[in-house]
Amino acid sequence: MDQPGITNYIPILIIFALAVVFATAMIAMSRFMGRNRPTREKLAPYECGVEPVGTARERQSVKFYLVAILFLLFDVEVVFLLPWAVVFRKVLTSPEYQHLKFVFYGGMMVFLFLLVVGLIYEWRKGILDWNR
Amino acid sequence: MEKALFIIIAVIAVAAALNVLIQRNPLYSALSLIGTMAALSVLYVMLRAQFIAAVQIVVYAGAILVLFIFVIMLLNAPKQQLQIDKQKGLRYLAIPLAGLLLAEAFYVVWRVQDIAMPVVKEGEEAVGTTWSVGVALFTHYLLPFQVAGVLLLMALIGAVVLARREGDK
Amino acid sequence: MTTDQLLEWTIKIGVIFFILLTTVAYLSYVERRVAGWIQLRVGPNRVGPFGLLQPLADGLKFIFKEDIIPREASKWLYLIAPAAAIIPALMSFIVIPFGSSVTLFGREITLHVTRFDVALLYILGVGSVGVYGVMLAGWSSNNKYSLLGGLRSSAQMISYELSLGASIVGVLLVAGSLDLVTIVEAQGATSGYWLGFIPKWNIFLQPIGFIIFFLSAMAETNRVPFDLPEAEAELVAGYFTEYSSMKFAMFFMSEYFHLITVTSMATTLYFGGWNGPFIAEYPFLSLVYFVLKVFIFIFIFMWIRFTMPRFRYDQLMALGWKVLLPASILNLIVTATVILFVN
């Protein structure tokens, strides 16, 4: 592993392994240490003590889908913002990139303008109103 | 050490990807895909593409698959298997296409036998870091970056148009 | 990579893991005591002196409670869901700097497990994966309350993740790095002071960004006034209605882990992390400062929880999409423009 710092990612694997072991142990513990006397009523879906009506597997509002897809699109935009934000200040100060100063600023402003246009469009179409 | 890790992760990635195809319940398929994405992310780190690795988790595992699972949860139809019209013709088309894909894969493996890892000495700006991605985005790839912005805007509008079809104002 | 280093990582992770578990157990106690104090009641005070052994009693009770898997549930997903909630919740701590560095057993030990180029993005990524636990729990229980709670909760979490991410961009513009250690060091005494005494913490440069971050973080942790997913009055307990025993405890714990994560992030990103007076002379103080700052934030979170009423769901979504998201975009346009003219 020649590049400095790349080995620093290894602790992620360690903590992941530890977390998996911990979670499995907890689930197993509750499975085997607790008492276990199931009855028909106990295993029924909880509906405030009343006999369950119908099933929970029903279609849900399309609004949740819209939230998810808007989230996906804006999330991609935020991901584009991150590397720009990291380099921006260094670009402004280092002489090597002086001539690109306004490319870095203007380029992102155009991108942000598109993002804001999208947001305004959603707003005007009433997508952001939950009680539509 | 690195090779052993690569083999383990690669096996996980392929196994999870196969599981996506084998599972009949779409929810299990989507969950399996998360495993593939996580494994791919590890592979990206091993290729020194740290930023891409993190984005892989944030965008694919954290957003795209959330959308998939949302759709599966909202439709809520795992018991009644989705009725797929069997189109016999497509089946025969699949065989040559699969062959083509395999040939392409073998060609790539044959051509690219030794990838030289970018060797970076201490103090140099490394490849694959946030810094290098950020600079590349605004120098070499400025136009694609802006096109991506337009594309995202189009997708935003498209999503609204699709979801508003029935009976809305 | 040497065996030494591997050992160091493992020991650090083990220690942090142990401390976190203890902290989470005691946070549940502290939360109830704070609630009692705010609402003019006593709170748990029977088990041990001042009720200090309450978390232990709770833990034992959790273990020996009956573990119920509802008849209608999708069994495997139902079992996996609590693990899917707690594993990501545990993973973000390895990049958070708890202190500068101390000398222990004759060797220099840095008070963070690891640091890498994309640490902040890693926390965001792990946090966004945490939503699966909620979604799976809601869906697999096959209960109407759970499903609605899970849907509401995940929609809320992803909505506020956007403003959380966008508010952080403001800090990145100032700090110029995703590495948390670098961000903390940039706010330290070596960077000097404004007017001779004000430390260079990011909060003074990004006050609006911090407010957006704070509100989004509160919504991300599903706490009052953003606790719609478990609005007791309407959804029983939201996505973990059907969970009992240790599996219930796991959801409970992962919420507290998230609480510690976001308060640590607030401290690290905006309040100078472990920086404070005299850390050059006494490095151990850095750890004290960090813990102190985090606990002040946790207390504020609890204070808000027991003083605020709950939002309505449409208000919640409107706040996220119509106030916080545009505000964070505006904040970062202003920040970038100021930086352009200052430099």
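The values are calculated or read from the model by the stated rules, or taken from the named source; none is laboratory data. If you're wondering where the values come from, they're calculated on a predicted model, not measured in any experiment. All Cβ positions, glycine included, derive from the backbone under ideal geometry; neighbour counts span all protein chains shown. The area values use the complete protein model at the heavy-atom level, side chains included, leaving out ligands, DNA and RNA. Shrake-Rupley method; radii C 1.70, N 1.55, O 1.52, S 1.80 Å.
Would you be able to tell me the number of residues in the stretch C:60-83 that are more than 7 Å from chain A (Cβ to nearest Cβ), within 29 Å of the chain's Cα centre (by Cα) and under 20 Å from C:TYR132 (Cα atoms)?
5
Inspect the stretch B:113-125 for any residue being at pLDDT 65 or above and under 21 Å from the mean Cα position of the chain (by Cα) and give the result as yes or no.
No, that holds for no residue.
What pairs come out if I take residues in the stretch C:142-154 that are open to solvent by less than 40 Å² (accessible area, probe 1.4 Å) and pair them with residues that are of a type in the set (Val, Ile, Thr) and in a helix (DSSP H, G or I) whose C-beta lies under 6 Å away, six or more apart or interchain?
These pairs meet every condition: C:GLY150/C:VAL134; C:SER153/C:VAL134; C:SER154/C:VAL131; C:SER154/C:VAL134.
What number goes with the only condition from (1) in contact (Cβ under 8 Å) with a residue 12 or more places away in the chain; (2) under 29 Å from B:VAL135 (Cβ atoms); (3) of a type outside the set (A, V, I, L, M) that C:THR190 does not pass?
(1)
Has the stretch C:81-96 got at least one residue that is more than 24 Å from C:LEU259 (Cα to Cα) and either among the small types (Gly, Ala, Ser) or in contact with a helix residue (DSSP H, G or I) (Cβ under 8 Å, 6 or more places away or on another chain) (or both)?
no
Pick from C:ALA166, C:ALA186: which is surrounded by fewer than 24 Cβ atoms within 10 Å (Cβ to Cβ) and within 14 Å of chain A (Cβ to nearest Cβ)?
The conditions single out C:ALA186.
Could you please tell me which pairs satisfy a Cβ distance under 6 Å, a separation of 6+ or placement on different chains, a first residue in the stretch A:106-127 that is more than 7 Å from every other protein chain (Cβ to nearest Cβ), and a second residue that is among the basic types (Lys, Arg)?
From residues that are more than 7 Å from every other protein chain (Cβ to nearest Cβ), the pairs are A:GLY126/A:ARG132.
May I ask you to list the residues in the stretch A:9-42 that are within 7 Å of chain C (Cβ to nearest Cβ) and modelled with pLDDT under 70?
The answer is A:LYS42, and nothing else.
Are there any pairs, at least 6 apart or on different chains, whose C-beta atoms fall under 7 Å, with the first in the stretch C:251-269 and free of Cβ contacts under 8 Å to residues at least 24 places away in the same chain and the second open to solvent by less than 10 Å² (accessible area, probe 1.4 Å), and if so, which?
That search, which allows pairs on different chains as well, returns nothing.
Out of the residues in the stretch C:300-333 meeting the condition of being within 30 Å of A:VAL103 (Cα to Cα) and in contact (Cβ under 8 Å) with a residue 12 or more places away in the chain, tell me which one is nearest to the other protein chains (Cβ to nearest Cβ).
C:TRP321
If you scan the stretch C:113-145, which residues turn out to be in a helix (DSSP H, G or I) and away from chain B (no Cβ under 11 Å)?
Hits for the stretch C:113-145 are C:GLY133, C:ALA137, C:LYS144, C:TYR145.
Just name the residue that is farthest from the other protein chains (Cβ to nearest Cβ) out of those in the stretch B:21-51 that are in contact with a Ser or Thr (Cβ under 9 Å, 6 or more places away or on another chain) and surrounded by fewer than 18 Cβ atoms within 10 Å (Cβ to Cβ).
B:LEU21
Out of C:THR267, C:THR221, C:THR261, which single residue is out of contact with any Cys (no Cβ under 7 Å at 6 or more places or on another chain), more than 14 Å from chain A (Cβ to nearest Cβ), at pLDDT 85 or above and buried (at least 18 other Cβ atoms within 10 Å of the Cβ)?
Values: C:THR221 fails: at pLDDT 85 or above; C:THR261 fails: more than 14 Å from chain A (Cβ to nearest Cβ).
From the options C:THR267, C:THR221, C:THR261, the qualifying one is C:THR267.
Name the residues in the stretch A:82-105 that are open to solvent by less than 70 Å² (accessible area, probe 1.4 Å), at the interface with chain B (Cβ under 10 Å from one of its Cβ atoms) and not aromatic (Phe, Trp, Tyr), would you?
Filtering the stretch A:82-105 down to residues open to solvent by less than 70 Å² (accessible area, probe 1.4 Å) leaves A:82-88, A:91-92, A:94, A:97, A:100-101, A:103-105.
Pick out the ones that are also at the interface with chain B (Cβ under 10 Å from one of its Cβ atoms) and you get A:82-88, A:91, A:97, A:100, A:103-105.
Matches in the stretch A:82-105: A:LEU82, A:PRO83, A:ALA85, A:VAL86, A:VAL87, A:VAL91, A:LEU100, A:VAL103.
If you scan the stretch C:102-112, which residues turn out to be under 28 Å from the mean Cα position of the chain (by Cα) and either within 14 Å of another protein chain (Cβ to nearest Cβ) or open to solvent by 30 Å² or more (accessible area, probe 1.4 Å) (or both)?
Matches in the stretch C:102-112: C:ILE109, C:THR110, C:LEU111, C:HIS112.
Is it true that C:SER328 is more than 30 Å from A:SER30 (Cα to Cα) and of a type in the set (Ser, Thr, Tyr)?
When the stated conditions are applied, C:SER328 passes them.
Within the stretch C:286-299, track down each residue that is farther than 19 Å from C:ILE16 by Cβ and free of Cβ contacts under 8 Å to residues at least 60 places away in the same chain.
Residue satisfying the conditions is C:ILE296 alone.
I need the full set of residues from the stretch C:43-83 which are open to solvent by 30 Å² or more (accessible area, probe 1.4 Å) and of a type in the set (Phe, Trp, Tyr), in order please.
Residues satisfying the conditions are C:PHE50, C:PHE62, C:PHE64, C:TRP76.
Note down all Cβ pairs under 7 Å where the first residue falls in the stretch B:151-164 and is under 14 Å from A:TRP123 (Cα atoms), the second is open to solvent by 60 Å² or more (accessible area, probe 1.4 Å) and basic (Lys, Arg), and they're at least six residues apart or on different chains.
Within 7 Å, the pairs are B:VAL160/A:LYS125.
Which residue pairs have Cβ atoms under 9 Å apart, sit 6 or more places apart or on different chains, and have a first residue in the stretch C:38-49 that is touching a residue at least 24 places away in the same chain (Cβ under 8 Å) and a second that is in a loop (DSSP other than H, G, I, E, B) and surrounded by fewer than 13 Cβ atoms within 10 Å (Cβ to Cβ)?
Filtered contacts from the stretch C:38-49: C:ILE38/C:THR307.
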